[in-house]
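Novice: This is the structure I have questions about; it appears just below.
Derivation of every value follows stated rules applied to the coordinates shown; laboratory data play no part. Bear in mind that the values here come from a model prediction, so they are computed numbers and not experimental data. Glycine gets a Cβ as well: all are built from the backbone with ideal geometry, and neighbour counts include every protein chain shown.
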Amino acid sequence: MKSIVAEHLVRTYRNGEVKALDDLSLDVEEGTVLSVLGPNGAGKTTVVRVLTTLLTPDSGSATVGGIDVLKHPEKVREIIGLSGQYAAVDETLTGWDNLVMFGRLYHLGKKESVARAEELLERFSLTESARRPIKTYSGGMRRRLDLAASLIVQPKVLFLDEPTTGLDPRGRQEMWGVIEELVKGGVTLLLTTQYLDEADQLADDIIVVDHGKVIARGTSDALKKQVGGERLEVVVDQAHISATMDAVAKVSGHTASLDEGLRKVSAPVTTGATALIEVLRLLDAGGIHPLDVALKRPSLDDVFMSLTGHVAEDQVVVSETGRGKKKEKLDKKSEAKS
Amino acid sequence: MNAITDALIITKRQLLQLARVPEVLIFSTIQPVMFVLLFRYVFGGSIATGDPGGYVQLLMPGIFVQTTAFTLAATASGLAEDMTKGLIDRFRSLPISRSALVFGRTLGDGLLNIVVLSVMGLAGFIVGWRPSSGILKIGLAFIFLLAFGYSLSWVGIFAGLSARDARVVQNLSFLITFPLTFLSNAFAPTTGMPRPLQYVAEWNPVSTMVAACRELFGLQNHFGATAHSFPSQHPLTMSLVYMVVILAIFVPLSVRKYSHANKK
């Protein structure tokens, strides 16, 4: 059975000037994880807002847990949990205060709310800081508390909008662990992310969105195959470039390409770390000492490169508060071009 | 009723905030008390009222009304902050009545007003304010003041929901309430103003509220004595009408704005 179905969702801003969702459809099988992958402004948050009843689409339809999102939003709200990009909890209150308040708002009794709050604090390793105001929490702790707040009534369907954006590597690892636990518990999860490795780690299925459209769908393996898997990259002195290109080509089985400015020789490989060892052996035998050697896993850039022919560029974002157009470009290294 | 318990939980959240950060409550009471002292001692000496008890008798109702009028700004900026922090989205995604959040907040701000008015009343008493009308009418005046603050709270809800930035809302609501409270009979007689302003001041809800409170505290309303317009003749009725009109417009408007997810 499908837990989430969205069909032909369209949502425009500024009288049609900005298309946040452009005929977007998706579906998620019960008990599985779908990751919506895309750059900022691709429409990820908008689709989450529509499915969680916060935003009405211009056209299209959607059901969550078999319930029509547009016709019975109040019933949908009873079975979903939502944790957004920004930790949406009351910062002046303590973690305990917040969870008890949300428990009460989910209509648990007083005792039950307290019991549930304590259980969740324990589960997310927040018991020690339970009595401190959220203001004093680290980014990772805030996210965990926010996630805890969305789990108070054990939702059937959970929406996580960029759960690890802005977290440090350790925070991300912890968050992933928590999410994996949840998925084992059988919840249906829709997760948006900008990171391919995150989608890879957590999702059964991935859809790639760009300009409000789904541009690819598949398992992470299928997508990777489409992208072309890993690349071997070697940086050497000017003098050794041609010899290195031969070595890399030999290991790869494909012609090596060269980024002249960076003196970087690269080629796709399928054998992973073995390829790394092989190429180092060859270089060593030839008396070449590489300045840098790397095995690059495909990034979101690579996915976009292969799917759209352009690098994943952040699009004009209509900011959530309607503050107007906000154009942020991340410093994208166009590695895929080399 | 779930809707009522939900609203009360939201109110409780606000009270809990005050308990966690007591400075907020302290500063929101210090400010009006400071006004009482400043006006009492800076202007009090130079404004002759010809009444027993002097300027402070006329001043206190004015400052009470001014303070309750500022509820608008408090409500608006509190709500705008919740909006920008994404908390409103979380509340919206919960299976609670859509009006619970806004009702809860207006109630919370109303409770805060009780504390603030009590402290002000006490400060006024210390500097010589002596209402002479008896406990019943004094009580009625305070209920009137709370009702006025509550109705303006709903304007604040609407402003807060329409806002993009908490700071803008705060500034904007002061920009509205400040002239509104001074363009009235609250601190000086309207008769000294240029004619067109006098007209505005007489119809200003702040003036009718102040006049109504002065009556209830047992004073003749000197500051509007020469005015013959309907509001200055019937300040109590007129104030009630204003409150009902404000609520009738802004309650449905705000609840609609809150539940209308489209707008955001």
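Novice: Of the cross-linked pairs A:K250/A:K296; A:K2/A:K75; A:K2/A:K213; A:K111/B:K257, which ones have a Cα-Cα span greater than 24 Å in the structure shown?
Specialist: A:K111/B:K257
Novice: What residues have an amide H closer than 5 Å to that of A:L82, excluding those fewer than 5 places away on the same chain, when H is modeled at 1.01 Å from N in the peptide plane?
Specialist: A:F159
Novice: From the residues A:T136, B:I126, A:F102, which one has its Cα farthest along the dipole of the protein assembly as shown in the positive direction, the dipole being from +1 and -1 charges on Cβ of Lys/Arg and Asp/Glu about the Cα centre?
Specialist: The one lying farthest along the dipole's positive direction is B:I126.
Novice: Same structure, new question: On a full-extension model of 0.36 nm per residue, what is the gain between B:I249 and B:W203, subtracting their alpha-carbon distance, rounded to one decimal in nm?
Specialist: 14.7 nm
Novice: Of the residues B:A100, B:A186, B:A248, which exhibits the maximal mean-square fluctuation in a Gaussian network model of chain B defined by a 10 Å Cα contact cut-off?
Specialist: The residue with the greatest mean-square fluctuation here is B:A248.
Novice: Angle, helix B:135-162 long axis vs. longest principal axis of chain B, Cα atoms, 0 to 90°, nearest 10?
Specialist: Here the helix axis deviates by roughly 40 degrees.
Novice: Still on this structure, I have one more. About its Cα centre, what dipole magnitude does the stretch A:230-296 give when the only charges are +1 on Lys and Arg Cβ and -1 on Asp and Glu Cβ, stated in debye to the nearest 20?
Specialist: In debye, rounded to 20, the stretch A:230-296 gives about 100.
Novice: So how tilted is helix B:205-216 from the main axis of chain B? Cα-based, degrees 0 to 90, rounded to 10.
Specialist: 60
Novice: Between A:T270 and A:V114, what FRET efficiency follows from the Cβ-Cβ distance if R0 is 51 Å, with the result rounded to 0.05? Provide the component values of the computation, followed by the final result.
Specialist: Working: r = 55 Å, r/R0 = 1.07.
Computed FRET efficiency for A:T270 and A:V114: 0.40.
Novice: Could you go through the stretch A:13-20 in sequence order and give the Karplus-derived ³J(HN,Hα) for each residue, using 6.51 cos²θ - 1.76 cosθ + 1.60 with θ = phi - 60°, rounded to whole Hz, and x for Gly and Pro?
Specialist: After applying 6.51 cos²θ - 1.76 cosθ + 1.60, I find 10, 6, 6, x, 5, 10, 9, 6 Hz.
Novice: If you don't mind, there's one more thing I want to ask. Nearest-5 percent of antiparallel DSSP beta bridges in the protein assembly as shown? Spell out each step's value before the answer.
Specialist: On the way: 38 of 56 bridges.
Bridges in the protein assembly as shown are about 70 percent antiparallel.
Novice: Mind checking the dipole of chain B: about its Cα centre, +1 per Lys or Arg Cβ, -1 per Asp or Glu Cβ, Debye to the nearest 20?
Specialist: Values: 19 positive and 10 negative charges, 139 e Å.
About 660 debye.
Novice: If you average the C-alpha positions of the stretch A:96-171 and of the stretch B:139-162 separately, how far apart do those two centres end up, in angstrom?
Specialist: 34
Novice: Another question, if that's okay. Please compute the length gained on full extension between A:D284 and A:K135, using 0.36 nm multiplied by the number of residues separating them and subtracting their Cα-Cα distance.
Specialist: Value of the extension gain: 48.2 nm.
Novice: Of B:G108, B:I63, B:M209, which is farthest along the charge dipole of the stretch B:2-263 in the positive direction, counting Lys and Arg as +1 and Asp and Glu as -1 at C-beta?
Specialist: B:G108
Novice: Next question, about the same structure. Would you please state which residues of the stretch A:86-110 a label at A:S125 would reach in this model, taking the label point 7 Å out along Cα→Cβ and a backbone N cut-off of under 19 Å?
Specialist: Answer for this model: A:95-96.
Novice: What average count of beta carbons from other chains do you get within 10 Å of the Cβ of residues in A:93-105?
Specialist: Other-chain Cβ atoms within 10 Å of each residue's Cβ, averaged: 4.
Novice: OK, next. Helix B:100-126: angle to the longest alpha-carbon principal axis of chain B, degrees 0 to 90, nearest 10?
Specialist: 30
Novice: Return the loop-located GluC sites (Glu not before Pro) in the stretch A:176-284 (DSSP other than H, G, I, E, B) with at most 12 other Cβ atoms within 10 Å of their own Cβ; answer none if there are none.
Specialist: Passing both the DSSP loop test and the Cβ count: A:E260.
Novice: Using the crude model of +1 on Lys and Arg Cβ and -1 on Asp and Glu Cβ, and no other charge, please compute the dipole size for chain A relative to its Cα centre, in debye to 20.
Specialist: 740
Novice: In the stretch A:230-296, with Lys and Arg counted as +1 and Asp and Glu as -1 at Cβ, which of these residues, A:A239, A:L262, A:L282, has the Cα nearest the positive end of the dipole, that is, farthest along it?
Specialist: Positive-end residue among those listed: A:L282.
Novice: Obtain the nm distance between the two label points defined at A:T255 and B:I143 by a simple spin-label model: each point lies 7 Å from its Cα along the Cα-to-C-beta direction.
Specialist: Each label point lies 7 Å from its Cα, and together they span 9.1 nm.
Novice: Taking Cα centroids, how far is the stretch B:113-127 from the stretch B:8-34 in Å?
Specialist: 16
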